[in-house]
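Trainee: A single structure is presented below for examination.
The values are calculated or read from the model by the stated rules, or taken from the named source; none is laboratory data. Predicted, not measured: the structure shown is a model, and the values here were computed from it. With ideal geometry, Cβ positions are generated from the backbone for all residues, glycine too; neighbour counts draw on all protein chains shown.
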Amino acid sequence: MSAPQTVVFDLGGVLVDWDPRYLYRTLLPSEDEVERFVTEVTTPEWNAAQDAGRTWAAAVAELSARFPEHAELIAAYDARWLDTIGGHIDGTVDLLRELRDGGSVGLYALTNWSAEKFPLALERFEFLSWFEGIVVSGTERLVKPDPRLYQVLLDRYGLDASSTVYIDDNPPNVDAAAELGMTSLHFTDPGRLRDELSQLGLVSPDRSPEE
């Protein structure tokens, strides 16, 4: 690859701790019921349609018609969406800050996220303002791993795939970026990501407190 000029972050699962279980643990009496609800009713596939541009009003209406006995719980996903956010992922935000302060690479984000809900994330997380650009799937009506969404990012900001590092926790998304010529890193934890970024010369290796 060319020397890294750009680092692109996925958001959910990398910088933002998002999980609808956080909400439903406050609404359902047991972990088993929570798990059953998010896998059988408010499924990842249902949520992904909002990431692709479907409105939340349409989503709630469609699912409530299928599961009228759960209409209130389904509506809560929309009305209490902020409760699906656990917070930020400290170690990854630290790496983002280090990259920003280093000033040697451009910083961008590419996220599968509802266009309606993304402004709430912008209000909550100050670090989102550190990016030079963010491409949101719900706005583009395309979702990862569709290569067209990655191409939107590259074209809009004039990025060279061969000098771009892409970070995502979802293996198919990582593979799609690699197919376009990016250096793709599968995020599992901040420590491993630091190791990988340091090998690329982008951040310092981790140091022990005694150093």
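Trainee: Tell me whether segment 114-124 contains one or more residues that are within 12 Å of D10 (Cα to Cα) and among the polar types (S, T, N, Q). Even if it seems obvious, please write down each step before you answer.
Mentor: Just the residues of segment 114-124 that are within 12 Å of D10 (Cα to Cα), to begin with: none.
No.
Trainee: Please state which of the following conditions Y108 fails to meet, knowing it meets all the rest: (1) surrounded by 17 or more Cβ atoms within 10 Å (Cβ to Cβ); (2) touching a Phe, Trp or Tyr at 6+ places or on another chain (Cβ under 6 Å); (3) over 24 Å from D155 (Cα atoms).
Mentor: It fails just one condition, (3).
Trainee: Which residue is farthest from the chain's Cα centre (by Cα), if the candidates are limited to segment 67-101 and must be closer than 20 Å to F127 by Cβ and among the acidic types (D, E)? Give the steps one after another, and end with the answer.
Mentor: Within segment 67-101, the subset closer than 20 Å to F127 by Cβ is 81-82, 84-101.
Filter once more, keeping what is among the acidic types (D, E): 90, 94, 98, 101.
Values: D90: 15, D94: 16, E98: 19, D101: 22 Å.
Only one residue tops the list, namely D101.
Trainee: Here is a follow-up. Taking interchain pairs and intrachain pairs at least six residues apart, which have beta carbon atoms under 8 angstrom, with the first residue in segment 190-204 and without any contact (Cβ under 8 Å) to a residue 40 or more places away in the chain and the second surrounded by 13 or more Cβ atoms within 10 Å (Cβ to Cβ)?
Mentor: From segment 190-204, the pairs are E196/L185.
Trainee: So, restricting to strands (runs of 3 or more DSSP E) that lie completely within segment 90-209, which ones have at least 2 residues that are acidic (D, E) and not assigned by TED's automatic domain parsing to the domain that holds G12? Let's see the steps before the verdict.
Mentor: Values: elements: 106-111, 133-136, 164-168, 183-186.
Hits in segment 90-209: none.
Trainee: Any residue that is closer than 27 Å to L153 by Cα, surrounded by fewer than 13 Cβ atoms within 10 Å (Cβ to Cβ) and more than 20 Å from the chain's Cα centre (by Cα) - is there at least one of those in segment 24-43? I'd like the intermediate steps shown before the answer.
Mentor: Within segment 24-43, the subset closer than 27 Å to L153 by Cα is none.
Taking every residue of segment 24-43 in turn, none turns out to be closer than 27 Å to L153 by Cα, surrounded by fewer than 13 Cβ atoms within 10 Å (Cβ to Cβ) and more than 20 Å from the chain's Cα centre (by Cα).
Trainee: When the residues of segment 33-65 are narrowed to those that are touching a Leu at 6+ places or on another chain (Cβ under 9 Å) and in contact (Cβ under 8 Å) with a residue 24 or more places away in the chain, which ends up nearest to T84 (Cα to Cα)?
Mentor: My answer is T42.
Condition check ((1) touching a residue at least 40 places away in the same chain (Cβ under 8 Å); (2) farther than 28 Å from R148 by Cα; (3) polar (S, T, N, Q); (4) touching a Ser or Thr at 6+ places or on another chain (Cβ under 7 Å)) across all residues:
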| site | (1), (2), (3), (4) |
| --- | --- |
| Y24 | yes, yes, no, no |
| E31 | no, yes, no, no |
| F67 | no, yes, no, no |
| D90 | yes, yes, no, no |
| V93 | yes, no, no, no |
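Trainee: When only residues in segment 154-176 that are without any contact (Cβ under 8 Å) to a residue 40 or more places away in the chain and under 17 Å from P4 (Cβ atoms) count, which is surrounded by the fewest Cβ atoms within 10 Å (Cβ to Cβ)? Before the answer, list the steps.
Mentor: Taking segment 154-176 first, the residues without any contact (Cβ under 8 Å) to a residue 40 or more places away in the chain are 154-156, 158, 161, 171-172, 174-176.
Of the ones still in play, those that are also under 17 Å from P4 (Cβ atoms) are 154, 158, 161, 174.
Details: L154: 20, G158: 8, A161: 20, V174: 21.
Filtering first and then ranking leaves G158.
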